[in-house]
Amino acid sequence: MTENETLSHYRVISFLVIALCMMSITSFYCFAEKVGFDIWVCNYTIDILFFLAIIFQMEYERKRAKISCNIETTFIRIAVGFGVCTLIAAGIYFLPAYVRPVLLFPIIMYTVCNTVISVSVSLYFALEICLIANMHEYETALYLLLIVLGMIWVRALDDREYHLHVCTALAVVNFFLPLLFLYFETHTLEFQRLLYSGINSVIIFFVCFFMFKRIRNGTEEEIQNQLVDVLSDSYPEVIELRLYSKAEYLHAITVSKVCFECAKELGLRVDLCAAAGFYYRMGMWKGEPHVQNGVYFAKRLCFPTDLTQILSEYYGEEALPSTRESALVHIVDATIKKLQVLKSEATASGWNKELLIYQTLNEFSQSGIYDESGLSMNQFLKIRDLLVKEEHINELLS
């Protein structure tokens, strides 16, 4: 099997979109402010430095599994979020001083990525606006403070218990802080600024309360979607396995289907179990050392973290199954593997599938391999009964 990290062009497209957005917003502000050529060069230099930093940061966070490790969707979402922030940054240029809704930057970016990237991107836009527009020190301090406070609270929007409270807090802060900083500078309050602050706060509340969850959930659902995508007939690794070994492909497909059915009956994560069942033996396809190679290629393929974790617990060689899903995948794969071996060796009179399944699972249970998985005895017995009745196993053994 060849070493190839699929779909890497999505990352390239994402980085190009981000670079284009940075150039566009810098050009827009420089042109609008009619600055000199030297200021254009200085700001493009800042863009280049930040662009290199964001590339490193996104790749580093991906490899540390701090973003969902899905290059087909997560990186594109980050690029789209960056593009939306670019449009907002261009639009708020036309608003009066002190009432530009920079709080939208951390809110929007956090819906598509993690805290670290959200802070970085938000600060970039705030500093870009402040540097080129030559804003007063009070206004610069205001926008930086809003972003810091925004990131402190915006993470709590994930928690249903605090969602309404955080939405309200962000709206209130967005209303009063600009007026407070404006008063520091001018010692006056204008009705127009009050009106703009009120409108901005309503927008902030609307985005947080009505849109945040939808967009955030969509980002999280992309992980589940990938678990389905990696099993499709057109997925490169599936095609490669089919060409590599028909026997391994049939084994992987059978384990995947059986894991899916068992997970559905037990109330486990069916898509995760199906994907893990198919790729459980990936380290064997790639060569020794099996566990390390399975994990290595899972990371190169940018599989979701939970899937990679199950592959790292392959047969308990380096780590025991730590979840019920991992235990289920091991039970199914190991049982089918043993049945295939015994079927090829047994005589017609000596073959008793039900008895062999009972004996095999009893051996697994006594070994203590599932002690850390959280799998209950009732679930273990239910899996055993399901395997006895499972038609996919009969088809493979026939």
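The values are calculated or read from the model by the stated rules, or taken from the named source; none is laboratory data. All values reported here derive from a predicted model rather than from experimental measurement. Cβ sites come from the backbone with ideal geometry, for glycine too, and all protein chains shown count toward neighbours. Ligands, DNA and RNA are excluded from the accessible area calculation, which covers all protein heavy atoms including side chains. Shrake-Rupley method; radii C 1.70, N 1.55, O 1.52, S 1.80 Å.
Among the conditions (1) open to solvent by 10 Å² or more (accessible area, probe 1.4 Å); (2) assigned to a loop (DSSP other than H, G, I, E, B), the only one that Glu265 does not satisfy is (2).
Counting only residues that are aliphatic (A, V, I, L, M) and either open to solvent by 40 Å² or more (accessible area, probe 1.4 Å) or not in a helix (DSSP H, G or I) (or both), region 271-318 holds 2 of them.
Of the candidates Leu157, Leu142, Leu170, Leu131, the single residue that is open to solvent by 10 Å² or more (accessible area, probe 1.4 Å) and in a helix (DSSP H, G or I) is Leu131.
Counting residues in region 332-341 that are within 30 Å of Glu61 (Cα to Cα) and either out of contact with any Phe, Trp or Tyr (no Cβ under 8 Å at 6 or more places or on another chain) or open to solvent by 20 Å² or more (accessible area, probe 1.4 Å) (or both) gives zero.
Being modelled with pLDDT under 80 and under 17 Å from His251 (Cβ atoms) is a description that does not apply to Ile357. Of everything listed in (1) in contact (Cβ under 8 Å) with a residue 40 or more places away in the chain; (2) part of a loop (DSSP other than H, G, I, E, B); (3) farther than 30 Å from Arg281 by Cα, the single unmet condition for Pro178 is (2). Looking at Glu372, Glu395, just one residue is charged (D, E, K, R) and either surrounded by fewer than 13 Cβ atoms within 10 Å (Cβ to Cβ) or closer than 22 Å to Ala252 by Cβ (or both), and that residue is Glu395.
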